[in-house]
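What follows is a single structure, written as structure tokens, with notes after it.
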Amino acid sequence: MGMHARTLAQPEKLNAQQVSTAVTAPNGTPAQTPAPTGAFSRNERLVLETLVTTKAALKAYELLDRLHDEGIKAPMTVYRALDRLAARGLVRKISNLNAFVAVDQAPRQGPSAFLICRECHKVRQIDVPKDQVNSLFALTDLNDEEIFLEAFADCRTMTAPQ
């Protein structure tokens, strides 16, 4: 895959309530984050806002570039915020890209899958029916919260009705 230049637009600003409901359920209804928004540090809020408004997987250094004008200038600041957000279940590392996405906080009926566009890295999170993955993981003691599948597609197939 070739290198593509990407324009780094500034994320739109979200207030605390918007951060808590910015990631929506598949049916379009707002979903609540697992912790109160008042518990976010400034850096966590900025990182989460950027991931939510971008709707694409971003590497830590891409986040750093986007947040530089907000006063975040050290890579470790971004990594610490990502670690804390990941521990709260608000972001997920997409291992194949070494990048991060905001996680849909809607109640899940089974494991999650992340469809990733090969070109623009936009990410769509979908539910995977539990019975379809049970045979894959039958010999493990993994629970639904520990199973995340990553698949690459293109935007045309990712936006097709389910």
For this session: Show which lysines lie in cross-link reach of Lys93 when reach means a straight Cα distance below 19 angstrom and same-chain residues fewer than eight apart are skipped.
Result: Lys55, Lys59, Lys122
For this session: Pull up all non-local amide H partners of Leu149: gap of 5 or more, or a different chain, and H-to-H distance under 5 Å with H placed in the peptide plane.
Result: Ser112, Ala113, Phe114
For this session: Express in nm, to one decimal, how much length is gained between Tyr79 and Ala138 on full extension, taking 0.36 nm for each residue of separation and deducting their alpha carbon distance.
Result: 17.9 nm
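Every number here is computed from the coordinates shown, using simple stated rules; none is lab data. All values derive from a computational prediction rather than experimental measurement.
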